Amino acid sequence: MTDAEWMLRACRLAEKGIGFVNPNPLVGCVIVRDGNIIGEGYHERYGTLHAERNALKNCTEDPRGAVMYVTLEPCCHYGKNPPCTEAVIAAGIRKVFVGSDDPNPLVAGKGLQMLRDAGITVETGVCKEECDRLNRIFFHYITKQTPYCILKTAMTADGKTATRTGSSKWITGEAARAHVHETRKRVAAIVCGIGTVLADDPMLNCRTENPSNPFRIVCDSRLRIPMTSRLVQTARDIPTAAACCFPDPEKQRMLEAAGVQVLILPEENGHVSLRALMRKLGEMKLDSVLLEGGAELHEAALRAGIVQQVQIYIAPKIFGGNAARPAIGGLGAETAADAYLLSAPEITRFGDDILLEYTVKEAGACSPES
């Protein structure tokens, strides 16, 4: 096998940690001697051994003189685990292939230099695009200290998310809906608006094999969330918060007694400041957010400049009608020049449905930060 093939195997190992390592990065590691794997591992859960130490622990023979393939620069600082560089050096690894450089200021090239200073040959940038893709969330969070935000919506071919009567189940098919749950598993938190809660009474949980439920947050300016809602009723099982800017002390007491955390945040245009919410979630070590929350919340998030990625599922259906609900609400752009600009899409098919995934290039002239 080639160096690229060994690194891609390390990438597949890293993916096994999805949903369980946040806010740490996804990392996989393979140790090879004479074309054979003698050890491999990945970062399995937050707080447990890192990928390099797992791979060394799993070695079937002495790794001295072997070659290591690791998707991210080995750490060189003390956190919940000691530095991986120390373990690599002590094991006598002779060469290390690295996929991504680590932007964490505590590492950021220092790990590579430590290995080189110990006489280990280091080669970087192997399958860099694939390795970088693994950790888009981590790279954003570690440098910005705010969550990586994904805006998700499902619509018909004419851009509608519900009929004029509010009917929306189901726009897309089972395969597309299953993929949404895979995204829920990947992120640390899911955010919706109070309108979605009042209309649909969602659970916002993760229904996959080996699930990892995200922290659920409702943007609820005046704490209107019903005590009988499924979110409140299951708050002791799945962490849940209501973000408000006009607190009601009595309702707050009731919610907290039911296990719901109440976040009191600044107000902006009569609603919870989404930028303040992102800062708060970053402080709570929630590294990523999936916005599944209604046309008005989606437009507000774009206007606030907090969105990094947009996922649009499109079904081969047409609802029609001026009163049918759009995917993005609010006033929207005043002119075409004010549009929110996106990258070229990555396109995936799920049966008859398609998923378009974009990164946000810039927020457009209607953003308060532009």
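The values are calculated or read from the model by the stated rules, or taken from the named source; none is laboratory data. Since the model is a prediction, treat every value here as computed from it, not as a measurement. Cβ coordinates were reconstructed from backbone atoms using ideal geometry, including for glycine residues, and neighbour counts include every protein chain displayed. Please note that ligands, DNA and RNA were not included when accessible areas were found on the heavy atoms of the full protein model with its side chains. Shrake-Rupley method; radii C 1.70, N 1.55, O 1.52, S 1.80 Å.
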Listed by first then second residue, the pairs whose first member lies in the range 78-90 and is within 14 Å of Met114 (Cα to Cα), whose partner is open to solvent by 20 Å² or more (accessible area, probe 1.4 Å) and of a type in the set (Lys, Arg), with beta carbons under 7 Å and at least 6 positions apart or on separate chains, are Cys84/Arg53; Ala87/Arg53
Condition set in a helix (DSSP H, G or I) and out of contact with any Asp or Glu (no Cβ under 9 Å at 6 or more places or on another chain), scope the range 304-340, selection surrounded by the fewest Cβ atoms within 10 Å (Cβ to Cβ): answer is Ala336
Residue hits (the range 106-122; touching a helix residue (DSSP H, G or I) at 6+ places or on another chain (Cβ under 8 Å) and either open to solvent by 40 Å² or more (accessible area, probe 1.4 Å) or among the small types (Gly, Ala, Ser) (or both)) are Gly111, Met114, Ala118
- Is it the case that Tyr42 is in contact with a Lys or Arg (Cβ under 8 Å, 6 or more places away or on another chain), open to solvent by less than 20 Å² (accessible area, probe 1.4 Å) and within 21 Å of Ile18 (Cα to Cα)? no
Taking the range 270-303 and keeping only residues that are farther than 22 Å from Cys206 by Cα, touching a helix residue (DSSP H, G or I) at 6+ places or on another chain (Cβ under 8 Å) and either among the basic types (Lys, Arg) or open to solvent by 20 Å² or more (accessible area, probe 1.4 Å) (or both), one is left with His271, Arg275, Glu296, Ala300
Can you say whether Glu15 is of a type in the set (Asp, Glu) and within 30 Å of Leu281 (Cα to Cα), as far as the supplied structure shows?
yes
Handout entry: Hey, Asp237 among the acidic types (Asp, Glu), open to solvent by less than 40 Å² (accessible area, probe 1.4 Å) and either under 30 Å from Leu26 (Cβ atoms) or more than 21 Å from the chain's Cα centre (by Cα) (or both) or not
Key = no
How many residues of the range 195-208 are open to solvent by less than 20 Å² (accessible area, probe 1.4 Å) and assigned to a helix (DSSP H, G or I)? The answer is 1
